[in-house]
Amino acid sequence: MKTLRYMDSVIRLDRICDQDIRQLFGVAPITDKLREAPLRWYGHVLRADNYSVCKIGFDLNVPGKRPKGRPK
């Protein structure tokens, strides 16, 4: 946000919302970017070969239940 404010010559005393500055430059919110990253990774895993490490780990079934509480 500091960079966008600097590019538009806006200081904090001008009291312009971050959302307004993002809209002005057409920048997506950080929360949207954080949601996209796991989906992008999931797409790579689905397209991977059946014998790749990520695909084997994705299809791995572990028997039993996880123990309760914090790990030692």
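Please treat every number below as a calculation from the coordinates, not as lab data. Values in this document were obtained by computation on a predicted structure and should not be read as measured data. Backbone-built Cβ (ideal geometry, glycine too); neighbour counts: all protein chains shown.
Where does the chain land on Rg/Rh, using Cα atoms and the Kirkwood Rh?
1.29
Mind checking the angle between helix 30-47 and the chain's longest principal axis? C-alpha axes, 0 to 90 degrees, to the nearest 10.
Roughly 30 degrees, rounded to the nearest 10.
Based on the Cβ-Cβ distance from residue 16 to residue 42, what FRET efficiency comes out when R0 is 35 Å, to the nearest 0.05?
Computed FRET efficiency for residue 16 and residue 42 comes out at 0.45.
Before rounding to the nearest 500, sum -39500 (n - 2.57) across all DSSP H runs of length at least 4 in the chain and divide by the residue total; then give [θ] at 222 nm in deg cm²/dmol.
Theoretical 222 nm ellipticity from helices: -15000 deg cm²/dmol.
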